[in-house]
Amino acid sequence: MSTTFETWRGRFERLRAHKAFELTVITIIVVSALLIGAKTYEEEVSPFQEWLLLLDTAVTIFFLVEILIRMAAEKRLRDFFKRGWNVFDFLIVTASLIPLDDSEMVLLARLLRIFRVLRLVSMIPELRMLIAALFKSIPRMGYVVLLMFIIFYIYGAIGSFLFASVDEKLWGNISLAMLTLFQVATFESWATAVLYPTMEHYPYAWIYFLTFIFLNAFIFLNMMIGIVLDVMQKESLAIELESGTGEAAELHGLRSDVRELRDQLSRMEALLERRDR
């Protein structure tokens with residue numbers, strides 16, 4: 001019995017690792033995304049509603065079979081749920097089993113089916129690396145965001161005190177002033193809507209705006225980009241070490257060899273010292 005189980009498990013494991021299987025899953029995910037988009041055109045696709053429902057059912061069954069194959073390929077079932085992306089896929093597939101023909105659950109079922117598109121992230125390693133880098137960089141970016149908020153608050157208070165007489169809608173209080181500064185930071189029509197009207201009353205107001213833009217657009221934004229790039233580089237190195245490929249893996253192997261050589265030299269020196277004694 002155990003031999004038969006191991007045989008089937010080996011087959012499922014090879015199937016799971018096969019590139020054709022991965023490409024098929026990615027293709028079905030794209031098809032699922034297209035089906036979700038097609039259902040937003042109710043009038044145009046009404047003659048094809050039965051076909052769309054049939055295709056959606058087929059996609060759901062395929063995802064169910066695919067997740068069962070991945071679970072069967074594990075030596076122990078609990079190993080499957082130790083990976084966060086596997087848990088994510090399992091929840092998405094389970095949520096897709098909610099029937100669409102139930103009038104009370106149809107809206108929830110459609111909303112949950114939208115998240116099937118996110119399975120592309122779990123299937124493509126590069127996307128997984130980007131998402132992991134994003135989440136790992138959030139704590140470090142939090143300090144930059146805090147510093148940005150302090151600058152926004154200071155400049156918002158100054159702008160409210162100086163420019164409230166120019167336009168109450170833009171500078172009436174500190175909250176409105178900070179919203180105006182956010183528009184300035186995004187460069188969305190800030191010159192014609194904010195800068196020039198203010199300079200008509202205060203010719204030197206450009207100093208206020210340019211220093212604010214310099215701090216936010218050139219310094220803080222680049223700090224955030226640097227944090228994300230640093231985390232992405234570390235994630236890329238970690239993936240190379242796990243897969244055993246790339247320059248990082250070669251360097252890691254060379255370092256291991258150097259450590260072994262040092263250990264052997266230290267042992268030889270110890271043996272020579274004992275012989276001399």
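The values are calculated or read from the model by the stated rules, or taken from the named source; none is laboratory data. Being a predicted model, the structure only gives us computed values, none of them experimental. Ideal geometry is used to build each Cβ from the backbone, glycine not excepted, and the neighbour counts take in all protein chains shown. Keep in mind that these areas ignore ligands, DNA and RNA; they rest on the heavy atoms of the full protein, side chains included. Shrake-Rupley method; radii C 1.70, N 1.55, O 1.52, S 1.80 Å.
Odds and ends about this structure:
- Residue-level check: of (1) open to solvent by 40 Å² or more (accessible area, probe 1.4 Å); (2) closer than 28 Å to residue 132 by Cα, residue 185 misses just (1).
- Any chance residue 197 is farther than 30 Å from residue 26 by Cα, free of Cβ contacts under 8 Å to residues at least 40 places away in the same chain, assigned to a helix (DSSP H, G or I) and under 20 Å from the mean Cα position of the chain (by Cα): no
- Where a residue in the stretch 81-95 is at negative phi and its partner, wherever it lies, is β-branched (Val, Ile, Thr) and surrounded by 15 or more Cβ atoms within 10 Å (Cβ to Cβ), with Cβ under 7 Å and at least six apart: 89/67; 90/67; 93/67
- Top-ranked residue in the stretch 200-222 [being without any contact (Cβ under 8 Å) to a residue 24 or more places away in the chain and among the aliphatic types (A, V, I, L, M); ranked as least open to solvent (accessible area, probe 1.4 Å)]: 219
- Within the stretch 68-89, the residues that satisfy the criterion of being within 22 Å of the chain's Cα centre (by Cα) and open to solvent by less than 70 Å² (accessible area, probe 1.4 Å) are 80, 84, 86, 87, 88, 89.
- If you go through the stretch 152-173 and keep only what is assigned to a helix (DSSP H, G or I) and buried (at least 17 other Cβ atoms within 10 Å of the Cβ), you end up with 152, 155, 156, 159, 160, 163, 170, 171.
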